[in-house]
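Asks: Pasting a structure below so you can have a look.
Laboratory data are not the source of any read-out in this text; all were calculated from the coordinates shown. Keep in mind that this is a model prediction, so the values were computed, not measured. Cβ placement follows ideal geometry from the backbone for every residue including glycine, while neighbour counts extend to all protein chains displayed.
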Amino acid sequence: MERVLPSHHDSTDYKQSLVNDPQQTPQTRHLSTKLCSALSSLQATPPSTPLRSAKIAQRSVEGRRKRTRQTQARYRQKLQDKPKQLEVAIKQLKEQVQHLECERSQILGCISTTSSVWMAAVEYFRIFRRGCHAPQGTNIVDMDILKALIASDVAFSGGIGLDALVHHWGVFTQYFSDVGIRLKNLQQITNESVLATTTTTITMTEASITTAFPHLTSGMAGKSVAAKLKDERLVLHGSVRFHWDNTINRVISIQAHADMVTPLVQLLGNLKDASLVFTNALVNVECNLVVQGCFIV
C-alpha cells in the first residue's frame, strides 16, 4: 500500500513513524530507512534555480574584475617606483665609485713613497698569480700598480714593454687552463735585484695542444704524444729575477725561467717524446712563449 506524505504533517515526524511502524517487516523497515535517507538528502540540497545560477556567475565575474584591478594597481605602482629605485641605485654606484677612487689614491700614494724591488716582486706575483683573464689585460687598479712599479720599457726574456708583458700573460692564459703561479721564496741578489723561486702549475687541455703545440695534431707520433698530454696537469719549478733602477724607482728587467722538460719526461716516459713536444711549438723548454723566433716571457 502506498503511503503519501500529507502536506500538513512535519516531514521528520512522518519519517520517524515510517521507520517505527510496528506493522513493517524487517525487509520493509530496511526499505523505509533508505527512503528516509533519500528524503533527507533531497531536502538538504537546495534546488538550483536560474536566479541562483545568475548570482553565482555574477560573483565569479566580480571576483575576476577585482583580481584584475589589483594586478593593474600593483603594475602601476611598480612603474611609479621604478624611477625612484633607479635614482637610489645610481646614488649608491656613485658613492662606491668615489670610495674606490679614494682607495686607489691611497694605494698609489703608499706605493710611490715605499717603492722597492721587493714590493714590485710581491705585487707582480699577486697580480699574475692566476695568469691574466681580463679581456684587455688586467683591471685598472692593478694596471696602475704595475705602471707605478715597472718601467714602461721593461725588458723581459726577449720582449720589451709593460704592455707587451701584460699581453704575454693574456696569451699564456689562453694557451693553458687553470694557471697557477706560487711564490715560494724571495732572495736578494744585489742591492738592485732579487730572485724569486716559483712553482707554476698548468693544465694541458685540447685547446693547449691545438694552439701552443699545433704540430702534435698531425702524424702518428704527434697524435700519440697529444693523447698522453691531454688533460694532464704539469708542475713546473722555476725562478724570476727582478732588476731595479733606483734612478726611476721601477723594475727595468724581468727574466723568468720554468723547467718544462722534467715534468714532460716524467709524464711521457722518454726524452724523445718530450723533445717532439717542443718541435715547432709556440712555447719553449723554459715555458716562454715563442713568436717569430723571439722568446716572450
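Asks: Residue by residue through the stretch 161-166, what is 3J(HN,Hα) from phi via Karplus (6.51 cos²θ - 1.76 cosθ + 1.60, θ = phi - 60°)? Round to whole Hz and write x for glycine and proline.
Replies: My calculation for the stretch 161-166 gives x, 5, 4, 5, 5, 5 Hz in order.
Asks: Among the listed pairs K94/K147; K94/K184; K66/K94; K184/K228, which are separated by more than 31 Å between their Cα atoms? Write out the running numbers ahead of the final one.
Replies: On the way: K94/K147 26 Å; K94/K184 40 Å; K66/K94 42 Å; K184/K228 29 Å.
Where the Cα-Cα span goes over 31 Å, the pairs concerned are K94/K184; K66/K94.
Asks: D259's amide H: which non-local residues (gap 5+, or another chain) put their own amide H closer than 5 Å, with H modeled 1.01 Å from N in plane and none for Pro or chain starts?
Replies: H237, G238
Asks: If you don't mind, another one. Using the Karplus curve 6.51 cos²θ - 1.76 cosθ + 1.60 with θ = phi - 60°, what ³J(HN,Hα) values do you get for each residue of the stretch 79-84, in whole Hz, with x for Gly and Pro?
Replies: 5, 5, 7, 4, x, 5
Asks: Please work out the FRET efficiency for the pair L195 and D81, using the Cβ-Cβ distance as r and a Förster radius of 45 Å; give the result to the nearest 0.05.
Replies: On the way: r = 61 Å, r/R0 = 1.35.
Efficiency, rounded to the nearest 0.05: 0.15.
Asks: Something else: Taking only C-alpha pairs under 8 Å that are 6+ residues apart, what is the relative contact order of the stretch 143-283 in percent?
Replies: Numbers: 236 pairs, mean separation 34.3, N = 141.
Over the stretch 143-283, the number comes to 24 percent.
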